[in-house]
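Just so it is clear, none of the values below were taken in a lab; they were calculated from the coordinates. Computed from a predicted model, the values in this text were never measured in an experiment. Every residue, glycine among them, receives a Cβ derived from its backbone with ideal geometry; neighbour counts consider all protein chains shown.
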Amino acid sequence: MYLRVFALASSAYTAAAMPGMAAMLEERQSLPTLPLSQAQGNSGPFPSLQFNAADQFVDVRPGTAHQYIAPGPNDKRGPCPGLNAAANHGFLPRSGVTTITQTVNGLGAAYSFGPEFAAALSVIAIGLTGDPTGGTWSIGGPYPPSLLGGLLSNPSGISKSHNTYESDTSPARSDAYLNGGDAVSLNITRFDKLYFSAQNYTLDILRDHNKLTHTDSIQNNPYYFSAPFAGLVPPIAHHFIVNLMSNHSADNIQGYLNRDILKTFFAVSGPDNGHVWNAGQEKIPQNWYKRPSNNPYGAAAAAADVAILAVKYPEIVQFGGNTGTPNSFVGVNPGDISGGVYNAQTLLQGNNLGCFFFQAAQQAIPSVLSGVLSNLTPFLNILNGAINPVLGILNCPALLTFDQSAFEQFPGYGYHPAKKV
Ligand code: HEM
Ligand SMILES: *[C@@H]1O[C@H](CO)[C@@H](O)[C@H](O)[C@H]1NC(C)=O
Ligand SMILES: *[C@@H]1O[C@H](CO)[C@@H](O)[C@H](O)[C@H]1NC(C)=O
Ligand SMILES: *[C@@H]1O[C@H](CO)[C@@H](O)[C@H](O)[C@H]1NC(C)=O
């Protein structure tokens with residue numbers, strides 16, 4: 001039932017973007033409906049239909065344009081292995097400071113990441129952590145804005161975006177509060193829990209890992225907090241690992257992800273009994289084939305993946321937090337945040353979680369920027385120009401209210417560690 005809904009909701013967009021896909025979409029609509037999580041291949045909710053070596057080979061050989069070069073001392077790297085690896089191979093500027101267009105093109109070339117999804121995530125990164133006057137954002141820490149005096153402070157970058165972009169319960173990073181404010185460095189214990197859980201990783205395995213990180217946060221982090229946008233970033237990131245890091249071949253059209261590939265993307269080396277994280281050295285493996293470019297991982301696929309997660313583990317996609325002690329989770333009623341557009345039941349249906357994810361960021365950004373920019377209009381036009389098409393793809397109900405007052409009871413909501421990372 002869920003998959004049918006998503007296939008229909010996404011068909012207008014996919015068919016428009018790729019004429020001739022209608023027949024394939026017909027096929028997608030008859031996907032098996034249950035058991036959802038276990039039945040998924042590594043291409044996610046919309047299976048890949050063929051392997052094309054020329055299209056999917058990502059050439060990162062030494063001596064070529066996209067060879068690996070370790071970041072220099074001024075290059076920004078942060079909590080996202082996908083972005084770090086893309087920058088280390090020149091798919092994003094090696095400086096780690098990027099525009100919307102560079103991100104859309106670079107992540108498309110490196111991973112077949114959906115262009116509309118990349119644009120929306122980038123524009124949100126600019127609004128929450130970047131330079132709206134220059135149209136750039138940092139995949140790591142702070143940097144000087146392009147127009148001196150255009151902003152009141154340097155853009156923070158996604159490394160310093162705790163609970164605005166970066167959040168608790170990451171697949172392989174610690175919760176900021178439990179690690180002295182550092183949610184950027186890899187936590188080897190956490191990585192190993194994932195690593196040793198399988199030989200080949202599937203979406204179902206990553207959802208089980210997400211359940212583990214979620215339980216860990218609830219039981220140990222008095223400042224655990226999950227906001228409607230930022231709180232969904234780690235659950236979505238769990239799905240990115242399988243959908244975007246898997247290797248593809250003629251024998252394995254959906255893709256597979258083994259331990260060696262996982263280590264390479266996460267910059268982990270060493271034997272099984274002595275893993276070491278090499279900060280900033282995330283790599284795309286040699287001889288690696290991305291998902292097909294005619295089946296990009298876009299917003300509709302991500303919305304479907306989190307909805308499937310919500311069927312298996314609804315507790316992971318609740319908004320709210322602990323109230324200052326471990327195991328004190330209090331959920332916030334989505335109806336109170338959204339002015340009744342969503343409630344606890346409808347939020348888990350169809351694309352609604354995906355809708356709320358983008359809408360929450362869209363609604364929050366103007367007030368975030370109101371003290372920082374004198375004239376908001378040019379940037380808000382860019383913001384809405386990137387988000388509204390995604391809301392169309394997902395067929396979202398209009399959200400006119402976004403009330404964050406219920407968040408103030410959570411100490412995590414106001415926790416913004418300034419630790420240098
Ligand atoms: C514009 C696009 C993107 C943005 C803005 C973005 C941003 C982020 C942020 C802020 C985090 C930290 C969230 C957390 O606390 O867990 C993160 C984590 C992560 N991202 Fe990305 N990301 C993007 C694209 C990608 C891509 C293309 C991939 C995969 C190829 C990827 C894979 C991951 C993974 C696996 C994590 C979790 C890391 C860990 O816990 O060790 N991301 N991303
Ligand atoms: C590292 O991860 C493990 C496993 O999830 C967790 O128990 C531990 O608290 C984390 N370390 C820190 C410093 O948060
Ligand atoms: C992992 O997947 C690869 C590719 O499909 C396969 O050759 C290998 O046998 C799998 N390994 C295990 C332990 O399942
Ligand atoms: C990806 O799959 C191809 C075909 O099986 C294989 O030759 C190649 O070594 C694999 N790449 C990685 C990084 O495992």
Checked the stretch 190-245 for anything of a type in the set (Ser, Thr, Tyr) and within 16 Å of ligand 3 (Cβ to nearest atom); matches are Tyr195, Ser197, Tyr201, Thr202
Complete set of residues in the stretch 281-330 that are in contact with a strand residue (DSSP E or B) (Cβ under 6 Å, 6 or more places away or on another chain) and among the charged types (D, E, K, R): Lys290
Do we find a residue being hydrophobic (A, V, I, L, M, F, W, C), on the phi > 0 side of the Ramachandran plot and either surrounded by 19 or more Cβ atoms within 10 Å (Cβ to Cβ) or not in a strand (DSSP E or B) (or both) anywhere in the stretch 260-278? yes
Taking the criterion of being more than 16 Å from ligand 3 (Cβ to nearest atom), among the aromatic types (Phe, Trp, Tyr), more than 14 Å from the chain's Cα centre (by Cα) and surrounded by fewer than 24 Cβ atoms within 10 Å (Cβ to Cβ), would at least one residue in the stretch 168-181 satisfy it? yes
Pairs returned, first residue in the stretch 272-285 that is more than 16 Å from ligand 2 (Cβ to nearest atom), second residue that is β-branched (Val, Ile, Thr), beta-carbon separation under 7 angstrom, 6 or more apart or interchain, are Lys283/Thr264; Ile284/Val58; Ile284/Val60; Pro285/Ile261; Pro285/Thr264
Any chance Asn388 is farther than 29 Å from Ser174 by Cβ and assigned to a helix (DSSP H, G or I): yes
I need a count of the residues in the stretch 311-327 that are surrounded by fewer than 21 Cβ atoms within 10 Å (Cβ to Cβ) and part of a helix (DSSP H, G or I). 4
Pairs only if they're at least six apart or on different chains, beta carbon under 9 angstrom, first in the stretch 52-77 and in a loop (DSSP other than H, G, I, E, B), second basic (Lys, Arg) and surrounded by fewer than 16 Cβ atoms within 10 Å (Cβ to Cβ); list them, first residue then second. Gln67/Arg61
Take Asp182 and decide whether it is charged (D, E, K, R), assigned to a helix (DSSP H, G or I) and out of contact with any strand residue (DSSP E or B) (no Cβ under 7 Å at 6 or more places or on another chain). no
